[in-house]
Structure formats: structure tokens, C-alpha cells
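> Got a structure here, written out as C-alpha cells. Questions coming.
The values are calculated or read from the model by the stated rules, or taken from the named source; none is laboratory data. None of the values given here were measured: they were computed from a predicted structure. Ideal geometry is used to build each Cβ from the backbone, glycine not excepted, and the neighbour counts take in all protein chains shown.
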Amino acid sequence: MLIVLPWSAYWDRNAFVESVPVLLATLQNHFVRGGVSGVGVINLAAGFAELVALMAPAPPPSNISGRPPISVDG
């Protein structure tokens, strides 16, 4: 939504923004629209990175102490 919405007609026809002229001029600025789209791209990249980390296989447990593992069976 953050990537596409700033460049759509919906962004220009916002009733809340039209009531405040300074806000209207600011949000119609192409740099602001690009910034909002940039935040959307960063959000999407972070989500994909988290998804890749979630899908990656877990590393095998390591024996940090250097001692052999304790056997419960005896």
C-alpha cells in the first residue's frame, strides 16, 4: 500500500488533507510521495528478510563446553 498509494488518485482526493492547505501542498510534493514509497520498499524488504530467516533451517546445536554430552540412559 505504501509503495503504490502515494502515486494514485486516492492520495490526491483525501478529504482530511484538503481541509488543511499546508498539508495538501506538502503531501502533493513528489519528494514526500517518494519518501512514503521508500518507506514501503524498506518495509517490504524487511518482511522478506524476516521470512527468509524464518524459513532457513536451524543450525545444529553445538557443544560449547568441550565435554562429552551427558547420557541419561546410563
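> Taking Ala58 and the conditions (1) assigned to a loop (DSSP other than H, G, I, E, B); (2) in contact with a helix residue (DSSP H, G or I) (Cβ under 8 Å, 6 or more places away or on another chain); (3) not basic (Lys, Arg), which numbered condition does it fall short on, given that it satisfies the others?
Result: Ala58 fails condition (2) only.
> Taking Ile42 as the residue in question, decide whether it is of a type in the set (A, V, I, L, M, F, W, C), assigned to a loop (DSSP other than H, G, I, E, B) and at negative phi. Steps first, please.
Details: of a type in the set (A, V, I, L, M, F, W, C): yes; assigned to a loop (DSSP other than H, G, I, E, B): no; at negative phi: yes.
Considered against the rule, which asks whether it is of a type in the set (A, V, I, L, M, F, W, C), assigned to a loop (DSSP other than H, G, I, E, B) and at negative phi, Ile42 comes out as no.
> I need a count of the residues in region 6-33 that are assigned to a helix (DSSP H, G or I) and touching a residue at least 12 places away in the same chain (Cβ under 8 Å).
The initial filter retains those residues of region 6-33 that are assigned to a helix (DSSP H, G or I), namely 6-7, 9-12, 15-18, 21-27, 30-33.
Applying the additional criterion that residues be touching a residue at least 12 places away in the same chain (Cβ under 8 Å) yields 6-7, 11-12, 27, 32-33.
Counting residues in region 6-33 that are assigned to a helix (DSSP H, G or I) and touching a residue at least 12 places away in the same chain (Cβ under 8 Å) gives 7.
> If I go through region 2-16 residue by residue, how many of them are of a type in the set (A, V, I, L, M), modelled with pLDDT under 90 and within 26 Å of Leu44 (Cα to Cα)?
First, pick out the residues of region 2-16 that are of a type in the set (A, V, I, L, M): 2-5, 9, 15.
With the extra rule that they be modelled with pLDDT under 90, the set shrinks to 9, 15.
With within 26 Å of Leu44 (Cα to Cα) added as a condition, the list becomes 9.
Residues in region 2-16 being of a type in the set (A, V, I, L, M), modelled with pLDDT under 90 and within 26 Å of Leu44 (Cα to Cα): 1 in total.
Conditions (1) surrounded by 12 or more Cβ atoms within 10 Å (Cβ to Cβ); (2) polar (S, T, N, Q), marked per residue:
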| site | (1), (2) |
| --- | --- |
| Pro6 | yes, no |
| Arg13 | no, no |
| Gln28 | yes, yes |
| Ala45 | no, no |
| Glu50 | no, no |
